[in-house]
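Since the structure comes first, as structure tokens, the remarks are kept for the end.
Derivation of every value follows stated rules applied to the coordinates shown; laboratory data play no part. On a predicted model such as this, the values are computed, not experimentally measured, just so you know. Cβ atoms come from the backbone with ideal geometry, glycine included; neighbour counts cover every protein chain shown.
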Ligand SMILES: *Cc1c(COP(=O)(O)O)cnc(C)c1O
């Protein structure tokens, strides 16, 4: 009725009043007053159209804040670098750097002289400092882009000599050979799936060779009757060796003894190393290029470099990650099984006190996302009936676990300890809502 509608409209709170809501006041600091005000006005319109009640205007405005999307997810899959979950979680310092760089920033300006300066020089300097064996470094959009740039500059119209055992598919339909051929380079496949020798490479190398490519089979292992040729031997064949290590491990780490690293590859004679920023380095999506000064300069000068360049947010996050490499990824890798067991046990108890039974079970976590294939990390998980998987995935925040033999495992290795409380509340909400025999409040 008209009267009722008018009444409701009168009750729509004024913009100034809505903006005093602490959640919106905090958002003003992040997004600026104009952005937040626009969101409030949008919520008032919805109330005027009768879509929400006047009392709901502040909540609707908060829900519509830009910061509320994309939603953070609790990664209890036991896969530390999950490509579907955005691979590495950034460290606090990297997140702060991204926020600081979001406004105007001197990404290409020297504030001391007022002159134009090299784009992202601090990030590049941090990368160079982290890998002293690299004479020069460059950063592009992702690992694939670093390979495209190298193949275009060094091998368009020429041969890339590569072992048949290293023509890999990285992720959903992403096949390295297709990517390399898209640049106009020819693949000169040598050896077999399981065995490739120095003689195989040696036969194939000639005047038409752009470079030899050594690819880390980063998401599978070949066992048994196998031979591969190390970079140190390939480097004796008189053509550049490009090593695609994938994972972004910059120096050897005792925790992952079989994982190739940039420094060792360069010391072994690789002319160029390519890697991702968001795998084991634990930073933002980026493609790292490290190697000979002349070669890196040629990559940097190529017109394609401009199309593959990274934005200021990536540069900020990358620099922060390189300066403080104690990232969530490495905290998860280094967490002791004892710590993980204690956390799982505490969660089980807290959930038990609220009247719900869960179990603590041993689990095996993996690095994932193209790193350390075959490495299993001892871990602990909270086990629930598998039927809760969907409700947890659709919860707020979404919790992703792993279903194993009809049980949903919530593996704690990939969950930062500060998320334990969030996880406990999310699990309880779902257990209370979807227990098979209805709500269990009176149990
Ligand atoms: C992950 C990976 C790539 C692709 O890197 P993106 O950053 O995903 O583009 C290429 N090569 C190897 C060996 C990899 O592991």
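A compact table of results
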{"quantity": "Candidates 62, 367, 205: whichever shows maximal mean-square fluctuation once the chain is modelled as a Gaussian network with Cα springs under 10 Å", "calculated": "62"}
{"quantity": "Shape of region 92-325, Cα gyration tensor, a/c cut at 1.5", "calculated": "prolate"}
{"quantity": "Rounded, prolate or oblate (a/c below 1.5 giving rounded, otherwise prolate when a/b exceeds b/c) for region 3-63 by Cα gyration tensor", "calculated": "prolate"}
{"quantity": "Spin-label proximity, residue 116 to region 296-318 - amide N less than 18 Å from point 7 Å beyond Cα toward beta carbon", "calculated": "300-312"}
{"quantity": "Residue exposure sequence - 380, 203, 330 - by fewest surrounding Cβ within 10 Å", "calculated": "203, 330, 380"}
{"quantity": "Highest average packing first - 75-82, 261-268, 342-349, Cβ atoms within 10 Å", "calculated": "75-82, 261-268, 342-349"}
{"quantity": "Near-label residues of region 339-361 by backbone N, under 15 Å of a point 7 Å along Cα→Cβ of residue 376", "calculated": "none"}
{"quantity": "Residue among 41, 310, 137 with the largest mean-square fluctuation in a Gaussian network model of the chain, springs linking Cα atoms under 10 Å", "calculated": "41"}
{"quantity": "DSSP-defined antiparallel bridges as percent of all bridges, region 92-325, nearest 5", "calculated": "40"}
{"quantity": "Ascending count of other beta-carbon atoms within 10 Å, so fewest first, for 174, 220", "calculated": "220, 174"}
{"quantity": "Value at 222 nm in deg cm²/dmol, rounded to 500, when DSSP H runs of n ≥ 4 in the chain each add -39,500 (n - 2.57)", "calculated": "-11000 deg cm²/dmol"}
{"quantity": "Listed residues 332, 27, 150, most fluctuating in the chain (Gaussian network, C-alpha, under 10 Å)", "calculated": "27"}
{"quantity": "Three-way shape label, the chain, alpha-carbon gyration tensor, a/c 1.5", "calculated": "oblate"}
{"quantity": "Potential lengthening between residue 418 and residue 193 on full extension [0.36 nm per residue; Cα-Cα distance subtracted]", "calculated": "76.5 nm"}
{"quantity": "Sorted by Cβ neighbour density within 10 Å, fewest at the top, the residues 425, 23", "calculated": "23, 425"}
